[in-house]
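What follows is calculated from the coordinates using simple rules that are stated; it is not laboratory data. All values derive from a computational prediction rather than experimental measurement. A quick note on method: Cβ atoms are made from the backbone with ideal geometry, for glycine too, and the neighbour counts reach across all protein chains shown.
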Amino acid sequence: MAEVFVPLNRFQSVVTGLTGEQDEIYATPIGVSSIVLSCQITNNSLVTQPVTILVTSNRELPVPQFVDIYSGSAFISASVSLSEYSGSFASASLLLNANRQFLRKEIAAYTSNQNSLSETPFTFISSYFEQNTLDDVDAIKYDIINNTTIRTNKAAKAYFDKNGVSAIATTEYSASIFALDYLKVLSNQIIKNQSTTGSADSPLLFQNAVTQSILSGFTNGTEAGISASIYLVNSLVDVIKATIENPVFTEQPPVELVTNVTIPVADSLSPVVSGKLVLEEGYGFIVSGSTKLSVVLSLLESANE
């Protein structure tokens, strides 16, 4: 199929009336970035008219799913408050923090070992997996002690770019999933304040640069509290993993540039300063107002390299 020719620079004008709904006046073509040179909205009625201007990316972004993260737990029922385990959550967070560097190095070494056993190994970059582990651990240890999901939400989204496209190279996809699975295995032992090699799931270590920190004389809560911490940490890791494997996408909401600004009778509004607004490919320029309003939009389109 022949490629569509896009001039390097092209002026474009849009002249239209409004329908009374949110009207997408202009959508930036694929392969193009547009500079808004001017926008004039004219009030053709005999009364003052409000107008709202929005910009939308017209893209869908992944939304990590935290629904019912506590349901199904053997230790938490409808009659039990999570606050009962707050001490254990604090201890789990402290233990994870004490082992940040151990987790960073051990998970990267494990991933490297798994890659070397593959029939089609990829070019392994340790720092990439180390940073992913640090970001995930820091998010989870913060959320479990602060009774929130805000940082795990951010950590899960970090595996995608700003356009909602996976940022994980195809060759590194499976390794990224294995790294999260191993994070759960190690974390479960760390939260117990027990050696990770004491687990049947991790009988040996893959590096000796950083050793696990086992805190002597440290009380990390009741058995139920420890189980609660393990369940919660595993659930948050699973949210990150599920976001990577089966992301749920939601359309990115528009950003309001101008909200209910009134235009006097027989007057106009020019809300965009020349050259101060750039629309990436796919971005839409939306105007919402009365059918008595008309819009003149001037743009400079430039082909993306």
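Taking the longest Cα principal axis of the chain as reference, the axis of helix 100-116 is set at about 90 degrees.
Residues 150, 286, ranked from the fewest to the most other C-beta atoms within 10 Å, line up as 150, 286. The C-alpha atoms of the chain define a longest principal axis, and helix 86-98 lies at about 90 degrees to it. On full extension, the segment bounded by residue 131 and residue 35 gains 30.9 nm, given 0.36 nm per residue less the C-alpha separation. What's the angle, to the nearest 10 degrees (0 to 90), between helix 223-245's Cα axis and the longest principal axis of the chain? Rounded to the nearest ten degrees, it is 40. Under a 5 Å amide H cut-off, with hydrogens placed 1.01 Å from N, residue 59 pairs with 252 among residues at least 5 apart or on other chains. Counted by neighbouring Cβ atoms within 10 Å, the residues 141, 292, 154, 105 run from fewest to most as 154, 292, 105, 141.
The simple Förster model, with R0 at 30 Å and r as the Cβ-Cβ distance, assigns residue 210 and residue 250 a FRET efficiency of 0.15. Backbone geometry of region 181-186 corresponds, through the Karplus equation with coefficients 6.51, -1.76 and 1.60 at θ = phi - 60°, to 3J(HN,Hα) couplings of 4, 5, 4, 5, 4, 5 Hz, x marking Gly and Pro. For region 66-248, the Cβ-based charge dipole about the Cα centre amounts to some 340 debye (Lys, Arg positive; Asp, Glu negative; other atoms uncharged). The candidate values were [x] 23.2; [y] 20.5; [z] 28.2; the one computed from these coordinates for Kirkwood radius over Cα pairs in Å carries the label [x].
For residue 38, nonlocal amide neighbours, meaning residues 5 or more places apart or on other chains whose placed amide H falls under 5 Å from its own, are 298. Residue by residue, region 127-143 carries 3J(HN,Hα) couplings of 4, 5, 6, 4, 5, 4, 5, 4, 4, 5, 5, 4, 5, 5, 5, 6, 5 Hz when phi is fed to the Karplus relation 6.51 cos²θ - 1.76 cosθ + 1.60 (θ = phi - 60°); x denotes Gly or Pro. Extension gain, residue 169 to residue 12, is 52.8 nm, computed as 0.36 nm per intervening residue step minus the present C-alpha separation.
Over the residues of the chain, the helix contribution to mean residue ellipticity at 222 nm works out to -11000 deg cm²/dmol, using -39500 (n - 2.57) for each DSSP H run of at least 4.
Tell me, what is the FRET efficiency for residue 100 and residue 24 to the nearest 0.05, using R0 = 30 angstrom and their Cβ-Cβ distance as r?
Numbers: r = 46 Å, r/R0 = 1.54.
Once the sixth-power term is evaluated, E becomes 0.05.
Measuring nothing but how far apart in sequence close Cα pairs (under 8 Å, 6+ apart) lie, relative to its length, the chain scores a relative contact order of 55 percent.
For residue 49, the residues whose amide H sits under 5 Å from its own are 263, ignoring neighbours fewer than 5 places away on the same chain, with H placed 1.01 Å from N.
How big is the dipole moment of the chain about its Cα centre under a simple scheme where the beta carbon of each Lys and Arg is +1, that of each Asp and Glu is -1, and everything else is neutral? Debye, nearest 20, please.
620 debye
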